[in-house]
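Every number here is computed from the coordinates shown, using simple stated rules; none is lab data. What you see is a predicted model, and the numbers here were worked out from it, not measured in a lab. Positions of Cβ are backbone-derived with ideal geometry, glycine not excepted, and every protein chain shown enters the neighbour counts.
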Amino acid sequence: MTGGAALSVDQLTKRFGDRVAFEDVSFEIGHGEVFGFLGPNGAGKTTTVRTLGTLIAPTSGSAVVAGIPLTPDNGEEVRRRISIMPESPGLYLRLSVLENLGCFADLYGVSDPPGRIDRALRAVNLVDRARDACGTLSKGLRQRVALARALLSDPEILFLDEPTAGLDPVAARDVHELIDGLRRRGVTIFLTTHRLEEAERLCDRVAILNTTLRRIGRPSDLRDQLFSKTLLVTIRTPLRDPGRVFAGLPAIDGWQQDGPAGYVLAVSDVTVAAPAVTRALVAAGADVLSVGEARRSLEDVYLKLVEGDG
Amino acid sequence: MSINRRRVRAIFRKELQEFRRNRSLVVGMSIVPVIFSIQPLITVFTLNTAASAPLRHEHVLLYLLAIPALVPSLVGAYSVVGERQQGTLEPVLTTPIRREELLLGKALAAFVPSVVVAYVVYGLFLLCVELFAVPAVATALIRPSDLLAQLVFTPLLAGWSIWLSIFISSRASDVRVAQQFATLASLPSIAVTTLLALNAITASFPLAVVGVVVLLLLNRLGWRLVSASFDRERLITGTR
């Protein structure tokens, strides 16, 4: 984060009649931050993007997008400063890549359209396919064209809605690399996804949404907030009296057996507990096979928060 | 309200590029004028000199005004719902473009080829009459007043037909349904021009002036109506 909020959302709510799309959502995103917006299908991720992109009006709450308050009169000004890549590329399939980008360069009012289009195509490695009709491109290449289109206007905030949905692993990796490249260039990115490894790899912070915002923070902080730290110990033969071995060691809050010769220790500080446990095991004559911290993934965090909604 | 011409031009150019490569649309735009001009041509070729006298008091060629009333409805009906079905509408709506600019670009893209087709068909019709009809029949049919009426009413009828069909297109959820309703909506215009051609309504200069004023008002009203009813949220989410 490089100071100041690129996007600020305060108690934003959208309802369609009786149905709540998302409710009471508040967060801030800093300039140059890659912000992941996670949630199951129907959680309200796309509706949030569309609301912040002025495509649909919020029911209540407020937001400031790229420095512009989100009001009905400011739609054009907000859209001038942002770019949205929807889940479906939405390209004109009968038109060439160049014709598609040329149209959007004019819609965004960019100066020097040929130069800007060339830079966008270079950014997504598509210069050699510029004259091909979009209908002849693979799904992965179409996604790249859509990303080039989103980059044309040099947006202050780039909204990417499920950019790798439906892509094979190779095409998804290509898109990840492109997003990584944008992050290095300091582009503020709002990324909605339900690919957790994608969010963990790309995002500085993530928010987990399931109609309401469940948690927000760095993936590692969310892990620490939701799960106690644990140490996994594996030895060759079971300890005769594990309670005596682990009792009184620093930073150990409790332990339980995990398999015939495995132990899971709840610890407050891994860096203190791990050496102490190792020394105690050696002193007790145990053959230590491994002592390591149990790594909780973002998926564990996500499942704990989302499955709790039942 | 200021209109950004570059954005209007971008939509106009993109629409024309798409039309050119959409074979079914080109075929649709070509079939209607052929249907509306072949039968009258055959009839005209069979007329003899004796038939020319009553023709001097009729305005048979106003029948061809059905072309600018019908052809643009095919294109206009596709314009919004077609993009919606292709998934291309949302990316366009995420740009700074205003709804008035989008609609104007789409309307112009439907207007220009429709009017060109109508004028070309009318010109070819007159050429065939001049070359192949009995001279007395040709003289009776080709009159400056009818020519002027064709020139003036072609764009006015095309414009009204376009606004109606774009309005239908922005409310419909399926291209075919939109095209059927748009064709139905153009029937009143076709009925009036046909009744004029058949002399069931007597064509006159005052009536023409009233017609021009009414169509100008309808075109103005059409743009306002379509702009006011163009709802980004409903088009994107299908609700509201």
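For the stretch A:1-95, max minus min Cα coordinate along each principal axis, in Å, sorted largest first?
42, 37, 30
Looking at the calculated P(r) for the stretch B:39-94, what percent of the C-alpha pair distances fall above 19 Å? Don't jump to the answer; show the numbers that get you there.
Values: 861 of 1540 pairs.
When all Cα pairs of the stretch B:39-94 are counted, 56 percent exceed 19 Å.
Ratio of Rg to Rh for the stretch A:54-190, alpha carbon only, Kirkwood? List each step's numbers first, then the result.
Values: Rg = 15.1 Å, Rh = 15.5 Å.
Rg/Rh: 0.97.
How far apart, in nm, are the 7 Å Cα→Cβ label points at residue B:198 and residue A:127?
Distance between label points: 6.6 nm.
Quick one: Karplus J couplings for the stretch B:202-207, per residue in order, coefficients 6.51, -1.76, 1.60, θ = phi - 60°, nearest Hz, x for Gly and Pro?
With the stated coefficients, the stretch B:202-207 comes to 7, 6, 8, 4, x, 5 Hz.
Can you give me the Rg/Rh ratio for the protein assembly as shown, using Cα atoms for both radii and the Kirkwood formula for Rh?
Numbers: Rg = 33.3 Å, Rh = 27.8 Å.
Ratio value, two decimals: 1.20.
Per the Debye formula with a single identical scatterer at each Cα and no solvent contribution, what log10 I(q)/I(0) holds for the stretch A:236-310 at q = 0.13, 0.14, 0.20, 0.24 Å⁻¹?
The Cα Debye sum returns log10 ratios of -0.46, -0.52, -0.86, -1.12.
Report for the stretch A:127-255 the percent antiparallel among DSSP-assigned beta bridges with both residues inside it, nearest 5. Display every interim value, and only then the final one.
Numbers: 5 of 10 bridges.
Beta bridges within the stretch A:127-255, antiparallel portion: roughly 50 percent.
Compute the distance in nm between two label points, each set 7 Å from the Cα along the Cα-to-Cβ direction, one at residue B:173 and one at residue A:232.
With each label point 7 Å from Cα toward Cβ, the separation is 5.0 nm.
Which percent of the Cα-Cα distances in the stretch A:112-271 go past 22 Å? Please report the intermediate quantities before stating the final value.
Values: 7535 of 12720 pairs.
Counting every Cα pair in the stretch A:112-271, those more than 22 Å apart make up 59 percent.
Provide, for the protein assembly as shown, the number of lysine pairs with alpha carbons under 26 Å apart, each pair being eight or more places apart or on different chains.
Values: A:14/A:45; A:14/A:304; A:45/A:139; A:45/A:304; A:139/B:14; A:229/A:304; B:14/B:106.
Lysine pair count for the protein assembly as shown: 7.
How much net charge surrounds residue B:136 when only other residues with a Cβ under 15 Å from its Cβ are counted (Lys, Arg +1; Asp, Glu -1)? Display every interim value, and only then the final one.
On the way: positive: B:56, B:143; negative: B:58, B:130.
With Lys, Arg at +1 and Asp, Glu at -1, the net is 0.
Using the Kirkwood formula over every pair of different C-alpha atoms, what hydrodynamic radius in Å results for the stretch A:173-222?
Values: mean 1/r = 0.0855 Å⁻¹.
In the stretch A:173-222 this quantity evaluates to 11.7 Å.
Using alpha carbon coordinates only, what is the Rg to Rh ratio of chain B, with Rh defined as the Kirkwood radius? Write down the numbers at each step before the final one.
Working: Rg = 19.4 Å, Rh = 18.8 Å.
Reported Rg/Rh (Cα atoms, Kirkwood Rh): 1.03.
Give the distance, in whole Å, between the Cα centre of the stretch A:162-176 and the Cα centre of the stretch A:223-246.
Here the two parts' Cα centres lie 39 Å apart.
In deg cm²/dmol, rounded to 500, what helix-only [θ] at 222 nm does chain A give when every DSSP H run of at least 4 residues adds -39500 (n - 2.57) and the total is split over its residues?
Numbers: 11 runs with 111 residues, N = 310.
Rounded to the nearest 500, the figure is -10500 deg cm²/dmol.
How big is the stretch B:1-95 in terms of Cα radius of gyration and Dmax, in angstroms?
20.0, 65
Hey, could you pull the Cα Rg and Dmax for the stretch B:103-190, both in Å?
Every Cα atom of the stretch B:103-190 included, Rg and Dmax give 16.4, 52 Å.
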